[in-house]
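Peer 1: One structure, as structure tokens, below. Some questions next.
The values are calculated or read from the model by the stated rules, or taken from the named source; none is laboratory data. All values reported here derive from a predicted model rather than from experimental measurement. Quick reminder, even Gly has a Cβ in these numbers, built from the backbone with ideal geometry, and neighbours come from all protein chains shown.
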Amino acid sequence: MSGQILVSFDICEADTEFKVPYNDLVLAKFITMNQILFEIQVLGLRNLQSVGILPVKKATMNFGFANLLPVTSEITVKSIKTDPGPAGSNPTINTLISHKMPLPEDQLLCPALTVTVNDNIFNGHVQPMIGNFVIPLGDILFEGNEKTQRDITKLNDLVASI
């Protein structure tokens, strides 16, 4: 899967007049938001592959919290980046990221958190992207998703066995 789009459309006669012109319709007015505290324990990265001929030097992770808010939002949020980890393709980062921000109450409207992994070459002057992934926040935040509940149970069992 390379991307997703969330749309709403209606098929109607060409001469239909709407009560509110679509230019005046702001979806954000109808979305209820809750303050959510994110606490992400970053343990490390494994089996990183370099994009060039040089081996992986010092990988960093960039959590795109700024991308979770709508463009019209008055709140400004910066993305959070981990410090460059130890050299190599299997760095242990062991960092706690704690951040509070508003997210929609509705699971369908809840965005996914995009995380990119970059390498720091030549003291950070060159930072090629090694990879990226998304964290489906709607699936994690809202109960009822059986797969997420199974994954959380597995993680809890793993942590308890350590």
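Peer 1: I'd like the full set of residues that are more than 29 Å from Ser50 (Cβ to Cβ) and within 13 Å of the chain's Cα centre (by Cα), limited to the stretch 78-109. Lay out the reasoning, then the answer.
Peer 2: Restricting attention to the stretch 78-109, the residues satisfying the condition of being more than 29 Å from Ser50 (Cβ to Cβ) are 98-109.
Scanning the stretch 78-109 gives His99, Met101, Leu103.
Peer 1: Oh, and also: I need a count of the residues in the stretch 51-90 that are loosely packed, with under 12 Cβ neighbours inside 10 Å and under 20 Å from Pro136 (Cα atoms).
Peer 2: 2
Peer 1: So which pairs qualify, if the first residue must be in the stretch 64-89 and in contact (Cβ under 8 Å) with a residue 40 or more places away in the chain, the second must be assigned to a helix (DSSP H, G or I) and among the aliphatic types (A, V, I, L, M), the Cβ gap must be under 9 Å, and the two must be at least 6 apart or on different chains?
Peer 2: Pairs that qualify, where the first residue is in contact (Cβ under 8 Å) with a residue 40 or more places away in the chain and the partner is assigned to a helix (DSSP H, G or I) and among the aliphatic types (A, V, I, L, M), are Leu68/Leu137; Pro70/Leu27; Pro70/Ala28; Thr72/Ala28; Ser73/Ala28.
Peer 1: Run down Ile93, Ile97, Ile75 and say which single residue is outside any strand (DSSP E or B) and aliphatic (A, V, I, L, M). Walk me through it before giving the result.
Peer 2: On the way: Ile93 fails: outside any strand (DSSP E or B); Ile97 fails: outside any strand (DSSP E or B).
Result: Ile75 is the single residue among Ile93, Ile97, Ile75 that is outside any strand (DSSP E or B) and aliphatic (A, V, I, L, M).
Peer 1: Quick test of your reading of the structure: Gly131 fulfils all but one of (1) surrounded by 16 or more Cβ atoms within 10 Å (Cβ to Cβ); (2) in contact (Cβ under 8 Å) with a residue 60 or more places away in the chain. Name the failing condition by number.
Peer 2: (1)
Peer 1: Do we find that Glu17 is of a type in the set (D, E, K, R) and either farther than 19 Å from Phe133 by Cα or at pLDDT 90 or above (or both) in this structure? Spell out how you get there, then give the answer.
Peer 2: Details: of a type in the set (D, E, K, R): yes; either farther than 19 Å from Phe133 by Cα or at pLDDT 90 or above (or both): yes.
Judged against the criteria, Glu17 is a match.
Peer 1: Go through the stretch 100-116 residue by residue and tally those that are assigned to a strand (DSSP E or B) and either free of Cβ contacts under 8 Å to residues at least 60 places away in the same chain or over 13 Å from Gln35 (Cβ atoms) (or both).
Peer 2: Total meeting the criteria: 5.
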